[in-house]
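As structure tokens, the structure follows; a few thoughts come after it.
The values are calculated or read from the model by the stated rules, or taken from the named source; none is laboratory data. All values derive from a computational prediction rather than experimental measurement. Because the Cβ atoms are built from the backbone with ideal geometry, glycine has one as well, and the counts that use them run over all protein chains shown.
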């Protein structure tokens with residue numbers, strides 16, 4: 001198996017010129033440099049994204065919001081909220097990766113090859129009109145690449161499983177997909193930090209009720225809790241829903257060295273998830289997969305990215321991790337949520 005990584009050096013034009021913001025070009029450049037030094041590099045095709053199609057963002061965002069980002073970007077570097085900056089390149093770069101998300105999803109489902117988009121600025125906090133689900137800011141994000149990729153697949157008749165492993169809840173993606181039964185959205189995140197959403201009983205609305213699974217975790221949860229979630233939530237949910245495609249919002253900010261979070265995982269958690277994606281592809285249990293770069297602001301994000309890719313490609317062995325239950329509130333809710341997911345899956349099959 002080979003992995004196609006979508007990379008565009010223009011991402012580095014989206015930056016804080018004063019070097020004060022944690023979301024900066026170093027995250028991508030150091031990650032790729034570390035991957036080049038890995039045995040995995042021999043199994044990777046580095047590809048350019050397509051030129052931007054400005055309609056891609058309009059697949060999931062309101063025109064007024066997209067126009068606002070274009071207008072704000074034209075004004076040069078400034079903050080559009082207390083967390084999120086733009087400059088004269090932001091609209092163009094975010095549009096490049098929005099287009100790449102759409103095209104990569106369709107290419108992967110056609111070829112069966114996995115893709116990984118090295119996208120900046122981030123995406124999963126951006127809702128249909130910007131700030132989502134009552135969040136105070138956009139959380140460094142501009143356009144929601146995850147939802148764009150999913151929408152492209154829905155429009156072609158596929159069901160999608162989204163696995164968001166960023167330490168912050170993907171409130172933008174969840175808002176956009178809240179009423180969408182063709183998206184099984186599983187989001188693992190730290191409770192009590194930005195954006196403050198993603199409670200255990202946030203399960204989707206209307207005909208999509210039961211297709212949104214949120215796993216809020218306490219500080220210090222660690223690898224063993226993530227191992228339990230994979231065995232007792234993610235894989236059982238996948239078997240119930242039987243998705244055609246897997247999108248991973250690959251945030252590496254749950255690592256113990258991340259300065260913004262406290263979930264305390266190691267590279268083993270990311271290798272575990274990489275192995276999971278690789279196994280599903282090898283066994284033909286999904287027809288394609290797309291990973292999208294999420295958060296990660298410490299040195300652990302670099303090593304975790306490499307571990308994820310190496311394990312997906314089978315170069316790093318799947319780690320053996322013991323299992324530990326998360327909080328009692330999460331554990332007790334899972335059976336009922338799975339029952340609701342069964343009902344939802346039955347309605348759409």
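Would you point out which residue out of 23, 103, 51, 39 is at pLDDT below 95 and closer than 19 Å to residue 4 by Cβ? Talk me through it step by step, then tell me what you get.
Details: 23 fails: closer than 19 Å to residue 4 by Cβ; 103 fails: at pLDDT below 95; 39 fails: at pLDDT below 95.
That would be 51, the only listed residue that is at pLDDT below 95 and closer than 19 Å to residue 4 by Cβ.
Can you confirm whether segment 106-113 contains a residue that is under 22 Å from residue 305 (Cα atoms) and surrounded by 16 or more Cβ atoms within 10 Å (Cβ to Cβ)? Yes, the conditions are met somewhere in segment 106-113.
Being under 24 Å from residue 277 (Cα atoms), in contact with a strand residue (DSSP E or B) (Cβ under 6 Å, 6 or more places away or on another chain) and either modelled with pLDDT of 95 or more or not in a strand (DSSP E or B) (or both) is the requirement here; does residue 108 meet it? The answer is yes for residue 108.
Do you know which residues across segment 59-91 are assigned to a helix (DSSP H, G or I), closer than 21 Å to residue 174 by Cα and in contact with a strand residue (DSSP E or B) (Cβ under 8 Å, 6 or more places away or on another chain)?
Just the residues of segment 59-91 that are assigned to a helix (DSSP H, G or I), to begin with: 59, 63-74, 90-91.
Then drop every residue that is not closer than 21 Å to residue 174 by Cα, which leaves 59, 63-66, 69.
Matches in segment 59-91: 65, 69.
Taking the criterion of being within 21 Å of residue 3 (Cβ to Cβ) and in contact (Cβ under 8 Å) with a residue 60 or more places away in the chain, would at least one residue in segment 73-93 satisfy it?
From segment 73-93, those within 21 Å of residue 3 (Cβ to Cβ) are none; that's our starting set.
So far as segment 73-93 goes, no, none of its residues is within 21 Å of residue 3 (Cβ to Cβ) and in contact (Cβ under 8 Å) with a residue 60 or more places away in the chain.
Out of segment 9-63, which residues are more than 30 Å from residue 315 (Cβ to Cβ), touching a helix residue (DSSP H, G or I) at 6+ places or on another chain (Cβ under 7 Å) and touching a residue at least 60 places away in the same chain (Cβ under 8 Å)? Outline the logic, then answer.
Taking segment 9-63 and keeping what is more than 30 Å from residue 315 (Cβ to Cβ), we get 13-21, 51-63.
This time we only want the ones that are touching a helix residue (DSSP H, G or I) at 6+ places or on another chain (Cβ under 7 Å), so: 13-14, 52-54, 56-60.
Answer for segment 9-63, where residues must be more than 30 Å from residue 315 (Cβ to Cβ), touching a helix residue (DSSP H, G or I) at 6+ places or on another chain (Cβ under 7 Å) and touching a residue at least 60 places away in the same chain (Cβ under 8 Å): 13, 14, 56, 57, 59, 60.
Kindly establish whether residue 56 is more than 14 Å from residue 141 (Cβ to Cβ), surrounded by fewer than 19 Cβ atoms within 10 Å (Cβ to Cβ) and either at pLDDT 95 or above or out of contact with any strand residue (DSSP E or B) (no Cβ under 8 Å at 6 or more places or on another chain) (or both). For residue 56, the condition - more than 14 Å from residue 141 (Cβ to Cβ), surrounded by fewer than 19 Cβ atoms within 10 Å (Cβ to Cβ) and either at pLDDT 95 or above or out of contact with any strand residue (DSSP E or B) (no Cβ under 8 Å at 6 or more places or on another chain) (or both) - is not met. Restricting attention to segment 237-245, does a residue exist that is assigned to a strand (DSSP E or B) and under 30 Å from residue 106 (Cα atoms)? Looking for residues that are assigned to a strand (DSSP E or B) and under 30 Å from residue 106 (Cα atoms), one finds at least one in segment 237-245, hence yes. Residues in segment 26-49 that are surrounded by 15 or more Cβ atoms within 10 Å (Cβ to Cβ) and outside any helix (DSSP H, G or I): 38, 44, 47, 49. Tell me which residues, restricted to segment 1-24, are under 26 Å from residue 42 (Cβ atoms) and assigned to a loop (DSSP other than H, G, I, E, B). Matches in segment 1-24: 1, 2, 7, 8.
In segment 226-249, the residues that are at positive phi and surrounded by fewer than 20 Cβ atoms within 10 Å (Cβ to Cβ) form Cβ pairs under 8 Å with partners that are outside any strand (DSSP E or B) and at pLDDT 95 or above, at six or more places apart or across chains, as follows: 242/159.
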